[in-house]
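Below you'll find the structure, written out as structure tokens, and then a few comments.
The values are calculated or read from the model by the stated rules, or taken from the named source; none is laboratory data. The structure presented is a predicted model; accordingly, all values stated were derived computationally and were not measured. A quick note on method: Cβ atoms are made from the backbone with ideal geometry, for glycine too, and the neighbour counts reach across all protein chains shown. All accessible areas refer to the heavy atoms of the entire protein, side chains included, with ligands and DNA or RNA removed. Shrake-Rupley method; radii C 1.70, N 1.55, O 1.52, S 1.80 Å.
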Amino acid sequence: YGRASRTGKPSLRLRAEQAPPSARARMAQDIARMDAMISEILDYAAVQARGATIAEPINLADLSGEVIDAFAPTSIPLDVTTRATVSAGVARVRRVLLNLVQNALRYGEEVVLEVSVEDGWSTIRVMDRGPGLEADDLEKVFEPFYRLERSRSRKTGGVGLGLSIARELALVDNGEVWLERRRGGGLTAVLRYPVQSHDFEAERP
């Protein structure tokens, strides 16, 4: 990044502002990409430290709706078959969902969220249509810094930590994350947590 100027602005940004117009846009894109990469690495380091594991009752349907709203004006359908409640850290679950939805939007199309309860698990499926992945890559993409040689996306970014962060955060709350190939093309990211054993509404004042 280089040393910061006296105004506190990194010298690389300052050089970009002073560059010829033909090079300015490219330099700005490079800086934004480096910012995203550094942020991703710092986030992964923070997740590795785990920190506090405070949990609270969460309605996954409500939280999924909040996450979808964060991507407006992009329209993402939400299919809720039943109330799905868990005991987890709301900030952690929100971050996992944000990562999974961002991943689906970046690499696929026609993203849909589905919330259900199955065999003692409250489950969210983030489904997309697109090139998908080879079967051998479905687990490899969760490895830190793993990047496919052939990107699913027309755009690239990050350093291969988004899915690693999602899985680590889910594990804090006894959750699981994995990817499945979707029939008809695309991927399904499955996020699930143990169903809360007592009634969610009862804990509300």
Please go through the range 117-144 and give me each residue that is open to solvent by 30 Å² or more (accessible area, probe 1.4 Å) and assigned to a strand (DSSP E or B), ordered by number.
117, 118, 121, 125, 129
The one condition in (1) at pLDDT below 90; (2) out of contact with any strand residue (DSSP E or B) (no Cβ under 6 Å at 6 or more places or on another chain); (3) within 15 Å of residue 104 (Cα to Cα) that residue 181 fails to fulfil
(1)
Collect the residues in the range 81-108 that are modelled with pLDDT under 90 and farther than 22 Å from residue 164 by Cβ, keeping them in residue-number order.
81, 82, 83
Checking residue 176 against (1) surrounded by 18 or more Cβ atoms within 10 Å (Cβ to Cβ); (2) modelled with pLDDT of 95 or more, only one condition comes out false. Which one?
(1)
